[in-house]
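No lab work stands behind these numbers, since they all come straight from the coordinates. All of these numbers come straight from a predicted model, not from anything done at the bench. Ideal geometry is used to build each Cβ from the backbone, glycine not excepted, and the neighbour counts take in all protein chains shown.
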Amino acid sequence: MRRATAILVAAIGAAGIAARFTPTSPLWLDEALSVNLASLGLADLPDALRHDGHPILYYALLGLWIDLIGDGDQAVRWLSGLFSAAAVPVMWAAARRRMGPAPAAYTALLAAASPFLIRYGSEARMYALVTLIAALGWWATEAALENPSRWRLAGVAAAVAAGLHTHYWMIWLTTGTAAVLVIGGIRRPERRRALGSILAAVAVGSLTFAGWLGVFADQLRHTGTPWAKWARPAEVAVEAMEAIGGGTRFEPVLLGVVLTLAVVAGATIRHTGPDWVEIASPSRNPTGPLVGVAVIAMGAGGLAAAATGGGFEARYTAVVVPLLLGLAGRGLAGLPGRAGPAALLAVAAFGVVVAVEDGLRDRSQGRQVADVIDEQSAPGDLVVICPDQLAPAALRYLDAPLAVRTYPPTADPALVDWYDYRDRIAAADPAAYARAVTDREGPGDIWMVMMTSYRGLEGRCEAVAAELGRGRTRQTLIWPGHQYEPMLLHRFRAEP
């Protein structure tokens, strides 16, 4: 590698790693909710998560982190930054075992500069941990394929167990891995013993989920994804492409298309010459198992979502991001001549630019809303938040000791109770709710934090606002901005 190229690679990689730790945006709903859940005692987490819909591992780790480092915005995000940064060398090690040194080096730079890994490395959520565990599982499986020793098989089992207790889409990654192991044993009888040992390790790791099945079953019956629309298979594919590019704006989508083409190249390139490339079916390439795991995982997850009426979010792609970046790395490394290094530098540099631009944007108006209420409210005022999904991000920054009520009603405004969420909305008549709030709370001003675009709440927050405004003067102090989580702030002044 030429010195100038090496300097560029080091600079882009360092910029990508640094970008994980620099965003200063206020926490948005999922981040604030993660912190509030993690701040509960470990014994209280299972019951709290019955009303939330996720496994326990990330929240338990974040709780320990908060005890050690604190719960400031930057502090709670640094844990994800460490997970995201740690995933880079793990992906390099896994890709090196499967594809060799050059594709591994390409994979490492793509991972360091990945807008997906940078975004979720700068959020207090579980997706950076999901990616790290998926990468560790890939690496452990490759190591066990070379030598299925007791310790390497234990590593496979540990990765499976950790993944299942971090995010439920890890079920589909585990399914894909098991399916590819079975297919490999059928096609290659001489490797059945090693593949069977790894499959047994996957089964052992999966058995650890048995203790969580009661909570999981309760979540399936009562939580789900009430905020999401029904996922179609094509939507899963398109959103996965957008995810690896970093979002839905023009630049991330362009990057997602380029990376998708690189993934296809990595799956099909067989040999490369000075000015030619030979392609073949993935089944004839060393990347065939990676393609199989990724396709089965995303396909099974997408079909399950479609069959049950569930939703899909681009962030669920975290379970296969290590495999996709590994394939993309091999695809770019397989380009002939100097095209490979040039394409790698261009894609990685563009990835950092996309990620930094995204990182500079505020993700929520919660702090802005709280600052205005703190500055202008008086004792005896009341805060009403509709929907309750806005409450964690707004209340995180609110210092004024005011009474807070949410619609739909919840016992703790700092948490969102997803349990039978649609039924709870249907049971809470907006006008009756608003009258009950004003009758009970007295004559002070009412501050209403609201947004009108939430699925399942169409027209209800507007109805609450209309009822609160009877006999009061409405003043709009904050209008929705371009943040991921915009908010409206109304002040209803009591008539003299």
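Below is a table of values for the structure above.
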read-out: Selection of GluC sites (Glu not before Pro), the stretch 409-496, meeting DSSP coil and at most 11 other Cβ within 10 Å; value: E458
read-out: Estimated translational D of the stretch 158-213 in µm²/s (Stokes, Kirkwood radius over Cα pairs; 10 °C; 1.306 mPa s); value: 137 µm²/s
read-out: Distance (nanometres) between label positions extended 7 Å along Cα→Cβ at H482 and E278; value: 5.0 nm
read-out: Å³ per residue enclosed by the Cα convex hull of the stretch 10-70; value: 114 Å³
read-out: Sparse-neighbour loop sites [trypsin sites (Lys or Arg not before Pro); the stretch 455-496; at most 16 other C-beta within 10 Å; DSSP]; value: R455, R470
read-out: Within the chain, percent of DSSP bridges classed antiparallel, to nearest 5; value: 60 percent
read-out: Extension gain from D371 to A428, taking 0.36 nm per residue of separation minus the Cα-Cα distance; value: 17.6 nm
read-out: Kirkwood hydrodynamic radius of the stretch 22-171, from inverse mean 1/r over distinct Cα pairs, in Å; value: 16.2 Å
read-out: Förster-model FRET efficiency, 45 Å R0, V257 and I69, C-beta, rounded to 0.05; value: 0.70
read-out: Sum of -39500 (n - 2.57) over DSSP H runs of 4+, divided by residues of the chain (222 nm, nearest 500); value: -19500 deg cm²/dmol
read-out: Rh by Kirkwood over Cα pairs, then Stokes-Einstein D for the stretch 366-494 at 0.890 mPa s and 25 °C, µm²/s; value: 169 µm²/s
read-out: Directionally averaged projected area (convex hull, Cα atoms, the stretch 353-434), nm²; value: 7.2 nm²
read-out: Axial C-alpha extent at least 20 Å, average Kyte-Doolittle at least 1.0 - helices from the chain (DSSP); value: 3-19, 127-146, 150-164, 170-187, 192-207, 250-268, 288-308, 339-359
read-out: Kirkwood Rh in Å, taken over the chain so that all alpha-carbon pairs contribute; value: 24.1 Å
read-out: Relative intensity, log₁₀ I(q)/I(0), of the stretch 84-180 from a Debye sum that treats every alpha carbon as a point, q = 0.15, 0.21, 0.25 Å⁻¹; value: -0.59, -1.11, -1.32
read-out: Fraction of beta bridges assigned by DSSP in the stretch 366-494 that are antiparallel (%, nearest 5); value: 55 percent
